[in-house]
Ligand SMILES: C[S@@+](CC[C@H](N)C(=O)[O-])C[C@H]1O[C@@H](n2cnc3c(N)ncnc32)[C@H](O)[C@@H]1O
């Protein structure tokens, strides 16, 4: 392939990078109330409008923060890839922008789980696999005020931020943070719902852990395996796979996740769509 052809593809892709940054800038200005020079403001609005977004003003400050965090985390993660393309797969990010960005984005998950899995009913005990910086756990404790939340991870830089976030949210009494691998979960008959983000968990760990996870649920309790469901565009699918593999997770079809749950003895296995997200939950129940 010629230099001109590769350069042509690159120029199309750099437009996407700049458009995402412009949206992030627009959100940051909307949040901070900071004044930008009129010509910059107009040009920013022009980019966002050309991308099909009329305005970000109708979003709540929390939604603006989530979206701005997603822009920053993708740009930081892209820069990390560029800087260290040869690094071994695994979750080793220490950049607070990446850790907090995923945390803020994942805080939407408890609501999405509740909407997609009405069969779970009242959640009194919730297991959060991959605590990260603890923001999903805080959102779960807020959504289910009666629930005890157990959140596990083994990555000390994330756990350290999680401890600070739980303290800041006044949630240290409600959320138990454990330095524990999913493969070592040894609870019994405890959880109404367990959340497992397959895109952050290595396949062998997941396979090994599922029978333990079944025992950790109370009889009749549910597990939700989250998987990305990117739009049917080969470039989106390929970048999603790269991000997942590099972060040490598994890209898993709904069929594979279904097989894993059924082989581990889960019943009523099915697929639920996370409303408003490019994500599915493959769900299974511990037989009563
Ligand atoms: C991006 S974070 C998830 C974000 C998190 N929900 C939050 O609120 O910040 C993914 C986490 O999964 C953790 N993880 C990966 N494999 C794991 C395993 N086998 N057991 C426990 N945690 C694991 C990683 O260390 C990482 O901190």
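Counting other Cβ atoms within 10 Å as a rough exposure proxy, the listed residues 122, 160 run 122, 160 from fewest neighbours to most.
Taking every C-alpha pair closer than 8 Å and separated by at least 6 residues, the mean separation divided by the residue count of the chain gives a relative contact order of 14 percent. Using alpha carbons only, how many degrees (0 to 90, rounded to 10) separate the axis of helix 61-83 from the longest principal axis of the chain? So the inclination is approximately 80 degrees.
Here the label points at residue 186 and residue 54, each 7 Å from Cα along the C-beta direction, are separated by 5.8 nm in the simple model. Taking the square roots of 5 times each eigenvalue of the Cα gyration tensor of region 1-101, largest first, gives ellipsoid semi-axes of 27, 22, 10 Å.
Looking only at the chain, where both bridge partners belong to it, what percent of the DSSP beta bridges are antiparallel (to the nearest 5)? Spell out each step's value before the answer.
Values: 12 of 31 bridges.
Roughly 40 percent of the DSSP beta bridges within the chain come out antiparallel.
Judged by the ratio a/c of the largest to the smallest principal axis of the C-alpha gyration tensor, region 140-183 counts as oblate, that ratio being 1.5 or greater while a/b is no larger than b/c.
Would you please classify the overall shape of region 202-249 from the alpha carbon gyration tensor, given that a ≥ b ≥ c denote the square roots of the eigenvalues, rounded means a/c under 1.5, and beyond that prolate means a/b larger than b/c while oblate covers the rest? Cα axes put region 202-249 in the oblate bin. Where the convex hull is taken over the Cα atoms of region 17-56, what is its projected area averaged over directions, in nm²? Averaging across all directions leaves 2.5 nm² for the Cα convex hull.
Rg and Dmax, both from the Cα atoms of region 148-211 and both in Å, are 12.7, 36. When the chain is treated as a Gaussian network with alpha carbon springs shorter than 10 Å, the biggest mean-square fluctuation among 173, 132, 265 belongs to 173.
Using C-alpha pairs below 8 Å separated by at least 6 residues, the relative contact order for region 90-224 is 24 percent. Expressed in Å, the radius of gyration and Dmax of the Cα atoms of region 158-277 are 15.9, 45.
Note on 93, 191, 74: ascending count of other Cβ atoms within 10 Å places them as 74, 93, 191, the fewest first. For the chain, set up a GNM with springs between Cα atoms under 10 Å and report which of 61, 37, 219 has the largest fluctuation. Fluctuation is largest for 37. By the count of other C-beta atoms within 10 Å, a proxy for reagent exposure, 148, 26, 255 are ordered fewest to most as 255, 148, 26. Orientation-averaged projection of region 112-188 equals 5.2 nm² [convex hull of Cα atoms, one quarter of hull surface area]. Structure remark: mean-square fluctuation, Gaussian network model of the chain, C-alpha springs under 10 Å; the largest value among 96, 234, 145 belongs to 234.
Given N residues in the chain, what is Rg(Cα) / (2.2 N^0.38 Å)?
Dividing the Cα radius of gyration by 2.2 N^0.38 Å gives 1.07.
Rg and Dmax of region 88-238, based on Cα coordinates, read 15.0, 45 Å. Per residue, the chain reaches -16000 deg cm²/dmol at 222 nm when only DSSP H runs of four or more residues are counted, each adding -39500 (n - 2.57).
Quick note: the coordinates plus some simple rules give every number you see, no bench work behind them. Model, not experiment: these values are computed from the prediction. Note that each Cβ is placed from the backbone with ideal geometry, even for glycine, and that neighbours are counted across all protein chains shown.
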